[in-house]
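The structure under discussion appears below in the form of structure tokens.
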Amino acid sequence: MARAFAEPKLIVASHNKGKLVEIADLLSRFAVETVGADALGLPEPEETGDTFIANAELKALAAATKAGLPALSDDSGLAVDALDGAPGIYSARWAETANGRDFDFAMHKIEMALHQKGDVPRTARFICALTLAWPDGHVESFEGKVEGTLVWPMRGKNGFGYDPIFLPLGGDMTFGEMEPAAKHAMSHRADAFTQLVDACFVGQGG
């Protein structure tokens, strides 16, 4: 049986503004105040895990124990079948440049890698691990996925990260073209969040 969440305040253990907005939207129907790790001056721990869940747990526990409050962390990325699952847990690192993270650069990198492979399937999935951690070290973790294919050139200015090249299965708009509400209804983060809510937020919200 998962531990129920019943606190009035929750740290969102992320420094990514896009993720903060998306998670705050997903939590909006619950009577919980969310605050970003940045606003509390919490450092971003090094992601040394070898899975999405390991990294999510590492980040959530670091924030929860440092601040003495429950923390929710997300670790997510894009896994491309023809690239043996890359960039995967290194999705953010693929965007690193001398001037900071640049996801346009990362998307070009993926397209170049696929082009070098020749005529290969362009199937991919977004994966999201969500971990809810308490200051006493207890964690609840969930993993969500959304299947799709990669398009080129990039399409849409909404969303963040790799959204402009990801076309969800059966859809005709990329995550970058969708309105936030449409993306939130079907995304990998929404899948993981539904599991989290069912397990830990039962009886709350509307």
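Values in this text are rule-based calculations from the coordinates and carry no lab data. These figures come from a predicted structure and were not determined experimentally. Note that each Cβ is placed from the backbone with ideal geometry, even for glycine, and that neighbours are counted across all protein chains shown.
Give me the one-decimal nm value for the distance between modelled label points at His115 and Asp172, 7 Å along each residue's Cα-to-Cβ direction.
Simple spin-label model gives 2.9 nm for this pair.
Helix-derived [θ] at 222 nm for the chain: sum -39500 (n - 2.57) over DSSP H runs of at least 4, divide by residue count, nearest 500? Walk me through the numbers on the way to the answer.
Details: 5 runs with 59 residues, N = 206.
Taken over the chain, the calculation gives -9000 deg cm²/dmol.
Taking the number of other C-beta atoms within 10 Å as the exposure measure, put Asp104, Asp191, Asp74 in order starting with the fewest.
Values: Asp104 11, Asp191 19, Asp74 25.
Least to most surrounded, the residues fall as Asp104, Asp191, Asp74.
Using Cα atoms only, what is the angle between the long axis of helix 103-117 and the major principal axis of the chain, expressed in degrees (0 to 90) to the nearest 10?
Helix 103-117 sits at roughly 50 degrees to that axis.
Based on DSSP, what percent of beta bridges with both residues in the chain are antiparallel, to the nearest 5? Before the final figure, lay out each step's value.
On the way: 27 of 33 bridges.
Once the DSSP bridges in the chain are tallied, antiparallel ones form about 80 percent.
Would you count, across the chain, every pair of lysines whose alpha carbons are under 19 angstrom apart, provided the pair is eight or more residues apart or spans two chains?
15
Ranking Val146, Val139 by Cβ neighbours within 10 Å, fewest first, what do you get?
Details: Val146 21, Val139 17.
Lowest to highest Cβ neighbour count: Val139, Val146.
Ranked by Cβ crowding within 10 angstrom, fewest neighbours first, how are Tyr162, Tyr90 ordered?
Numbers: Tyr162 26, Tyr90 12.
Fewest to most other Cβ atoms nearby, the residues stand as Tyr90, Tyr162.
Can you give the local net charge around Phe52? Use residues other than it whose beta-carbon is closer than 12 angstrom to its beta-carbon, Lys and Arg +1, Asp and Glu -1.
Details: positive: Lys59, Arg125, Lys145, Arg189; negative: Glu47, Asp50, Glu57, Asp74, Asp75, Glu143.
Spelling it out: positives minus negatives among the neighbours equals -2.
Using a Gaussian network model of the chain whose springs link C-alpha atoms within less than 10 Å, name the residue from Ala31, Ala71, Ala54 with the highest mean-square fluctuation.
Checking each option, the largest mean-square fluctuation is seen for Ala31.
Based on the alpha-carbon gyration tensor of the range 9-200, what equivalent-ellipsoid semi-axes (square roots of 5 times the eigenvalues) come out, in whole Å, largest first? Each step should come with its number before you reach the end.
Values: eigenvalues 162, 63, 44 Å².
Sorted largest first and rounded, they come to 28, 18, 15 Å.
Just name one of Thr51, Leu130, Val21: the one whose Cα is farthest towards the positive end of the charge dipole of the chain (beta-carbon charges, Lys/Arg +1, Asp/Glu -1).
Farthest towards the positive end: Val21.
Against the longest alpha carbon principal axis of the chain, how many degrees, from 0 to 90 and to the nearest 10, is the axis of helix 17-26 turned?
The two axes meet at around 60 degrees.
Taking the chain as the reference, fit the longest principal axis to its C-alpha atoms, fit the long axis of helix 52-67 to the helix C-alpha atoms, and give the angle between the two in degrees, 0 to 90, nearest 10.
The two axes meet at around 40 degrees.
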